[in-house]
Every structure is written in structure tokens, then in C-alpha cells.
Amino acid sequence: MIQVSKIAGLLTLLAFFAVPVLAADSTKIPERVLGKATAPITVEEYVSLTCSHCAEFYNNILPELEKRYVETGKVKFILRDFPLDGTALKAAALARCMPADGYYPFIKALYKNLGSWVTAGPEVDKRLIQYATFSGLDADKAKSCLLDTAMQDAIVAGRAEATEKFSVQATPTFIINGGAEKLQGAEPVEIFASVFDRLLADKK
């Protein structure tokens, strides 16, 4: 689990994220749902696209949760952006330009290949655009989305709201059924399963 307090250059990071919050509107962020809208359990997952622990969740934990709970209509996931740095912020803005059916495949591709783009230095924007085009987005559109400051401001506003409403301070953080349960970090599958099974039993 990555905590904001442990990131190098904390003061720079806080200054970077503090400016646009007041004027931005997080409702402009298109909501993307993994699972059936009617699922009785909703998991809001707060992630940073440069977060290695988030990649661990997506690569090694989510696939099993999808089989057990998402594909069976019991749980739906909603990704909420909580970028921890400028690269994650731009990647999140780019991801929000993907069509609904391409959003989660793009997110999964970024996490699966995290090491190949997050350390690309001055080439990172180029790598992100490449992944977007591989996922079906026009290259010019991808370039525009990557630098969409209005979307970036909305994402930062959403990040601030998450901190205020749910005390989100680290990624990944999972808010379940509006705060009925809260999990932090890339916990093992069975930790998630125990929470989901208990909530499902309570609904019977």
C-alpha cells in the first residue's frame, strides 16, 4: 500500500494537487463500472495508476474476484482516481477518454505493463499514447486527452473529496457499500471474500 506521506517530494506533490480543487467539478468524470449495475455490493476502488500495490491487486487479486463475484452479479467495482503524482494524473485523464467498453482493458494493460512505462522518463507520455492507441483510441485524441487540464482538475477534486469523505490516504483503498466496510492495500483474495460473503449473507 502506498501512502502519500511516504512519497518523496511530499510538499511539491501537495502543492501540485492543491491548486485546482476549489474550482473543479468531480462530477464531470465519466463513471466506469466493472460488473452488473444491479450487483448488491458496490466497491469504490481508489487507485493511482503508478501505484505498484494497485498493480498487484489488478494483476493477481482482481481476476479471482471477478470470477467469484463480478461475473456472478454479486459485486461491481467502480474505479475512483487517486493519483499520487503528475504521471498518474495524466494517465488517469487519458483513461477517462477511453470508450466505456475499453476503459478497464486499458487500465489492466497499464498495470500489467507498469514497469515498462512508469520508468520511461521523458518518454512516458509517448508510451501512454501508444497503449491508448493499442486499445483503440485515435492518436491525436489520445494526445489531447493526456493534456486535458479540465479533466485533470476534476480528478484532483475527486481525490480531495475522497480524503474528506472517506479519509482515503493511500492506494489502493476500497470503500464498500458507501463506507459500510473499508479495506486498504492489496489484501489477499480471501480477505475480500470474507467481507463480500458477510455482506451478501446480511442481505438474505
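Readers should treat all values here as calculations from the given coordinates under stated rules, not as data from a laboratory. Quick caveat: nothing in here was measured; it's all calculated off a predicted structure. Every residue, glycine among them, receives a Cβ derived from its backbone with ideal geometry; neighbour counts consider all protein chains shown.
A few notes on this one:
- Cβ-based net charge around ALA100, under 12 Å, with every Lys or Arg adding one and every Asp or Glu removing one: 0
- Among beta bridges that DSSP assigns inside segment 32-113, antiparallel share in %, nearest 5: 20 percent
- Computed lengthening from GLU66 to LYS126, 0.36 nm per intervening residue step minus Cα-Cα distance: 18.5 nm
- Charge dipole (Cα centre; +1 on Lys/Arg Cβ, -1 on Asp/Glu Cβ; no other charges) of the chain amounts to roughly 240 debye.
- Summing +1 for each Lys or Arg and -1 for each Asp or Glu among the other residues whose beta-carbon sits under 15 angstrom from that of THR163 gives 0.
- Cα pair distances exceeding 18 angstrom across segment 135-191, given as percent: 54 percent
- Computed from backbone phi, the HN-Hα couplings of segment 140-152 come to 5, 5, 4, 4, 5, 5, 4, 10, 6, 5, 5, 5, 4 Hz, rounded to whole numbers (Karplus: 6.51 cos²θ - 1.76 cosθ + 1.60, θ = phi - 60°; Gly and Pro given as x).
- Cα-Cα pairs of segment 96-204 separated by more than 15 Å (percent): 74 percent
- Angle in degrees between helix 86-95 and the longest Cα principal axis of the chain, rounded to the nearest 10: 70 degrees
- Over segment 109-198, Cα pairs under 8 Å with separation of 6+ residues give a relative contact order of 12 percent.
- Helix 189-202 vs. the chain, principal-axis angle (Cα, 0 to 90°, nearest 10): 50 degrees
- Of the Cα atoms belonging to the chain, the radius of gyration and Dmax stand at 16.5, 53 Å.
- The mean sequence distance of close C-alpha pairs (under 8 Å, at least 6 residues apart), as a share of the length of the chain, puts its relative contact order at 34 percent.
- Acute angle (nearest 10 degrees) that the helix 124-134 long axis makes with the longest principal axis of the chain, alpha-carbon atoms: 60 degrees
- The Cα-based radius of gyration of segment 27-107, divided by its Kirkwood radius, gives an Rg/Rh of 0.96.
- Here the gap between THR38 and LYS165, fully extended at 0.36 nm per residue and compared with their Cα-Cα distance, gives a gain of 43.3 nm.
- Contour excess over end-to-end distance, with Cα ends at ASP138 and GLN184 and 0.36 nm allotted per residue: 13.0 nm
- GNM result for the chain, Cα springs below 10 Å: residue of PHE77, PHE134, PHE106 fluctuating most strongly: PHE134
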